[in-house]
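Engineer: Can you read through this structure? Questions will come right after.
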Amino acid sequence: MKKDKQQPINWQRVVAKDFHRNKMLYLMVLPVVAFYILFSYVPMAGVIIAFKEYKPMLGIWKSPWASQYGLSSFITFFSGPFFVRILKNTLIISIYSIIFSFPAPVILALVLNEIRFKKCKRVVQTVSYMPHFISLVVVCGMVRQFCLSDGLFNQMFGMFGIQTNNSWLQIPGAFRTIYVGTDIWQSAGWNSIIYLAAIAGVDHQLYEAAEIDGAGRWKKLLHITFPTIRPTIILLLIMQVGKTMNVGYEKILLLYNSTIYDTADVISTYVYRKGLLDFDYSYSTAVNLFNSIINFVLVITANKISAKVSETSLF
């Protein structure tokens, strides 16, 4: 007997049925979808500015195409005197952030999990979360005051017998340390919430079984707690690698000055100066497009490496 042919799925009916069943969930997610469509996907049409000599009076579509097959802005950027400097600074600050800032919330979460006194744990958590709620402008204002020649940092050094009269934001070599250090202080507590939530999902029977086998705190942390949160760490690390070229330019703009451009100027701040201060929209769009392409390549590469090495990936 011939087998009955499987009827094709009526996707319109399936979607309509699912929407009717989960109507409130669809309504809840609608503002998020609208946000990304309006502010992430629709503006992508403006990328064409990178290949044109954009003139605001003519608009995007009527502006003439750039010379050299529309690549003149890219060629100017790659052959310019600042290309090596801003690329180097962006990579160095991003690598420092991955090495020092990324592990900080993981370590903090593991330490908080080991605190047995609940009141002490709550106090430490509250204190570590507070910097996240301070405005970035206020934080940078505080850092500027601390870095003055008579500021808090020099006073602390003086307590240990180290006499310095340096204004730390005038020293090119000190900027990266200040940037990464303040980033750890401001974000470690808040970011640790994700890892604490992952740790809370660990089955306590595993700890009890480990105690019966004679495992101490260190071995339980090493063989139970850390492996449990490792997939979360890997996923967040992949996303962090995908933001390698997007250094937090807001903080840099609020902290840097012309004396430390050699170590503080990154691609994002360069785009800001060229686009909004010099009104060179085509050039700044080309630089930002290059930035986005590199980020895309990095996140795809990191995801593939993670999938092969740890069998954990974003997609």
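The values are calculated or read from the model by the stated rules, or taken from the named source; none is laboratory data. What you see is a predicted model, and the numbers here were worked out from it, not measured in a lab. Heads up, the Cβs are rebuilt from the backbone with ideal geometry, glycines too, and the neighbour counts pull from every protein chain shown. Surface areas here come from the heavy atoms of the whole protein model, side chains and all, with no ligands, DNA or RNA. Shrake-Rupley method; radii C 1.70, N 1.55, O 1.52, S 1.80 Å.
Engineer: Any chance segment 299-313 includes a residue that's over 26 Å from residue 235 (Cβ atoms), outside any helix (DSSP H, G or I), acidic (Asp, Glu) and modelled with pLDDT under 85? So that I can check it myself, show each step before the final result.
Structural biologist: If we filter segment 299-313 for residues that are over 26 Å from residue 235 (Cβ atoms), which is where we start, we get none.
Looking through segment 299-313, none of the residues is over 26 Å from residue 235 (Cβ atoms), outside any helix (DSSP H, G or I), acidic (Asp, Glu) and modelled with pLDDT under 85.
Engineer: Scan segment 137-148 and report the pairs whose first residue is in contact (Cβ under 8 Å) with a residue 24 or more places away in the chain and whose second residue is charged (D, E, K, R) and surrounded by 13 or more Cβ atoms within 10 Å (Cβ to Cβ), with Cβ atoms within less than 8 Å and a gap of 6+ or a chain change.
Structural biologist: That search, which allows pairs on different chains as well, returns 139/251; 140/251.
Engineer: Can you find a residue that is among the charged types (D, E, K, R) and within 25 Å of the chain's Cα centre (by Cα) anywhere in segment 60-68? Give the steps one after another, and end with the answer.
Structural biologist: Residues of segment 60-68 that are among the charged types (D, E, K, R), as a first pass: 62.
Now narrow it down to the ones that are within 25 Å of the chain's Cα centre (by Cα): none.
Checking segment 60-68: not a single residue is among the charged types (D, E, K, R) and within 25 Å of the chain's Cα centre (by Cα).
Engineer: Here's something else I'd like to know. Among the candidates 37, 49, 60, single out the residue that is in contact with a Gly (Cβ under 7 Å, 6 or more places away or on another chain) and among the hydrophobic types (A, V, I, L, M, F, W, C). Break it down stepwise before answering.
Structural biologist: Details: 37 fails: in contact with a Gly (Cβ under 7 Å, 6 or more places away or on another chain); 49 fails: in contact with a Gly (Cβ under 7 Å, 6 or more places away or on another chain).
The match here is 60.
Engineer: State all residues of segment 39-69 that are open to solvent by less than 100 Å² (accessible area, probe 1.4 Å) and either in contact with a strand residue (DSSP E or B) (Cβ under 9 Å, 6 or more places away or on another chain) or aromatic (Phe, Trp, Tyr) (or both); if no residue qualifies, say none.
Structural biologist: Restricting attention to segment 39-69, the residues satisfying the condition of being open to solvent by less than 100 Å² (accessible area, probe 1.4 Å) are 40, 42-43, 45-56, 58-60, 63-64, 66-67.
Listed by number, the residues that qualify are 51, 52, 53, 54, 60, 63, 64, 66.
Engineer: Now for a different question. Could you pull out the residue among 234, 194 that is touching a Ser or Thr at 6+ places or on another chain (Cβ under 7 Å), surrounded by fewer than 19 Cβ atoms within 10 Å (Cβ to Cβ) and of a type in the set (A, V, I, L, M)? Walk me through it before giving the result.
Structural biologist: Values: 234 fails: surrounded by fewer than 19 Cβ atoms within 10 Å (Cβ to Cβ).
Just one listed residue meets the conditions, 194.
Engineer: Filter segment 205-229 down to residues that are open to solvent by less than 40 Å² (accessible area, probe 1.4 Å), among the hydrophobic types (A, V, I, L, M, F, W, C) and in a helix (DSSP H, G or I), then give me how many there are. Talk me through it step by step, then tell me what you get.
Structural biologist: As a first pass, look at segment 205-229 and keep what is open to solvent by less than 40 Å² (accessible area, probe 1.4 Å): 207, 210, 215-216, 220-221, 224-225, 229.
Checking the rest, the ones that are also among the hydrophobic types (A, V, I, L, M, F, W, C) come to 210, 215, 221, 224, 229.
Then drop every residue that is not in a helix (DSSP H, G or I), which leaves 210, 221, 224, 229.
Adding up the residues that qualify gives 4.
Engineer: Residues of segment 238-295 being within 21 Å of residue 65 (Cα to Cα), surrounded by 17 or more Cβ atoms within 10 Å (Cβ to Cβ) and among the aromatic types (Phe, Trp, Tyr), which ones?
Structural biologist: Within segment 238-295, 281, 283, 290 meet the criteria.
Engineer: Just checking, does segment 133-144 include any residue being open to solvent by less than 70 Å² (accessible area, probe 1.4 Å) and more than 23 Å from the chain's Cα centre (by Cα)?
Structural biologist: We begin by selecting, within segment 133-144, every residue open to solvent by less than 70 Å² (accessible area, probe 1.4 Å); these are 134-136, 139-143.
This time we only want the ones that are more than 23 Å from the chain's Cα centre (by Cα), so: none.
So far as segment 133-144 goes, no, none of its residues is open to solvent by less than 70 Å² (accessible area, probe 1.4 Å) and more than 23 Å from the chain's Cα centre (by Cα).
Engineer: Additional query: Out of 178, 184, report the one residue that is at pLDDT 90 or above, under 22 Å from residue 127 (Cβ atoms) and touching a Cys at 6+ places or on another chain (Cβ under 8 Å).
Structural biologist: Unique residue meeting the criteria: 178.
Engineer: Quick check: is even one residue across segment 69-92 at positive phi and out of contact with any Cys (no Cβ under 8 Å at 6 or more places or on another chain)?
Structural biologist: yes
Engineer: Test residue 155 against the stated conditions and say whether it is over 18 Å from residue 105 (Cα atoms), assigned to a helix (DSSP H, G or I), modelled with pLDDT of 85 or more and open to solvent by 80 Å² or more (accessible area, probe 1.4 Å).
Structural biologist: Working: over 18 Å from residue 105 (Cα atoms): yes; assigned to a helix (DSSP H, G or I): yes; modelled with pLDDT of 85 or more: no; open to solvent by 80 Å² or more (accessible area, probe 1.4 Å): yes.
So residue 155 does not fit the description; no.
Engineer: Tally time: how many residues in segment 181-204 are assigned to a helix (DSSP H, G or I) and either of a type in the set (Gly, Ala, Ser) or at positive phi (or both)? It would help to see each step written out before you state the result.
Structural biologist: In the first step, residues of segment 181-204 are kept if they are assigned to a helix (DSSP H, G or I); the result is 181-200, 204.
From the residues that got through so far, the ones that are either of a type in the set (Gly, Ala, Ser) or at positive phi (or both) too are 181, 187-189, 192, 197-198, 200.
Residues meeting the conditions: 8.
Engineer: Name the residues in segment 42-83 that are in contact with a helix residue (DSSP H, G or I) (Cβ under 9 Å, 6 or more places away or on another chain) and basic (Lys, Arg), would you?
Structural biologist: Within segment 42-83, 52, 55 qualify.
Engineer: Check segment 74-87 and report whether any residue there is in contact with an Asp or Glu (Cβ under 9 Å, 6 or more places away or on another chain) and charged (D, E, K, R).
Structural biologist: Taking segment 74-87 and keeping what is in contact with an Asp or Glu (Cβ under 9 Å, 6 or more places away or on another chain), we get 82, 85-86.
Going one step further and asking which of them are charged (D, E, K, R), we end up with 85.
Yes, some residue in segment 74-87 is in contact with an Asp or Glu (Cβ under 9 Å, 6 or more places away or on another chain) and charged (D, E, K, R).
Engineer: Of all residues being touching a Phe, Trp or Tyr at 6+ places or on another chain (Cβ under 9 Å) and open to solvent by less than 40 Å² (accessible area, probe 1.4 Å) in segment 93-103, which is nearest to residue 240 (Cα to Cα)? Just the residue, please. Steps first, please.
Structural biologist: Going through segment 93-103, the residues touching a Phe, Trp or Tyr at 6+ places or on another chain (Cβ under 9 Å) turn out to be 93, 96-97.
Of the ones still in play, those that are also open to solvent by less than 40 Å² (accessible area, probe 1.4 Å) are 93, 97.
Values: 93: 13, 97: 9 Å.
Residue satisfying both the conditions and the ranking: 97.
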